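The values are calculated or read from the model by the stated rules, or taken from the named source; none is laboratory data. Source: prediction; values computed, not measured. For neighbour counting, all protein chains shown are included, and Cβ atoms are generated from backbone atoms with ideal geometry for every residue, glycine included.
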Amino acid sequence: MRPAHEDQSPADAINAYDRAVQAHHRDIVALREAFTKLGMHAGWNSQLDKLEDLTVDTTGRELCTSRLLDAASERIYRAWIEPVHLERWWGPSGFTNEFQVCEPMPSGRWKFVMVSPGGERFPNECVFVELVPGQKVVIDHVVPPRFRLIALFGEEGIRTRVTWRQIFESKEVCDNVKEIVVPSNEENLDRLAAELAAMS
């Protein structure tokens, strides 16, 4: 059987693309309205303006890695959305986290400080964009360096492959941070694997 998209006419393909773009725009509008209700007008909305077209063309702006983990996708999803677990494994080796706000729901805020082994403090602010149980977590990091993180969970037998896509707002930003971010992401996955092994 051929994949469904091979049977699409050009017009159908264009219509499907248009629907996807419209759905993405509706998500951005919903986020903007939510922030406005909370009184966060100018700052948050300006960040959403910059992130709105983040995934249209990722050439030169994306860092990607994957890891096959010894855990079911549902357990991995829990490690991402349950603050007690996320706080323990997030960040490079040796870092700790101080969560101030963590609302794992669409449009939910995630505000925290990462603390380096030497005591240096790194404030972070994110928004949960999309949560699909056992399949996907999408997060926007809305302060510099701005990026969208897309984590996909694909079962391979009794194990699960985590695909980690990090899409930055520009090629320049990506180039500036990649030497730090690439090894840090691998350390992050090491810590995720350790947390999964310890979870009940």
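Screening Ser170 against (1) closer than 15 Å to Arg78 by Cα; (2) out of contact with any Leu (no Cβ under 8 Å at 6 or more places or on another chain) leaves a single unmet condition, (1). Do we find that Arg161 is without any contact (Cβ under 8 Å) to a residue 12 or more places away in the chain and in contact with a strand residue (DSSP E or B) (Cβ under 9 Å, 6 or more places away or on another chain) in this structure? In short, no.
Of the residues examined, Trp164 is one that is closer than 30 Å to Thr59 by Cβ and among the aromatic types (Phe, Trp, Tyr). Which residues, taken from the stretch 80-102, are free of Cβ contacts under 8 Å to residues at least 24 places away in the same chain, in a loop (DSSP other than H, G, I, E, B) and not charged (D, E, K, R)? Across the stretch 80-102, the qualifying residues are Gly94, Phe95. Would you mind finding the one in Val142, Val137, Val181, Val113 that is in contact with a strand residue (DSSP E or B) (Cβ under 9 Å, 6 or more places away or on another chain), in the same structural domain as Ser93 (by TED's automatic domain parsing) and over 19 Å from Ile81 (Cα atoms)? Exactly one of Val142, Val137, Val181, Val113 is in contact with a strand residue (DSSP E or B) (Cβ under 9 Å, 6 or more places away or on another chain), in the same structural domain as Ser93 (by TED's automatic domain parsing) and over 19 Å from Ile81 (Cα atoms), namely Val181. If only residues of the stretch 60-88 that are in contact with a helix residue (DSSP H, G or I) (Cβ under 8 Å, 6 or more places away or on another chain) and farther than 20 Å from Glu155 by Cβ are counted, the one that is surrounded by the fewest Cβ atoms within 10 Å (Cβ to Cβ) is Gly60.
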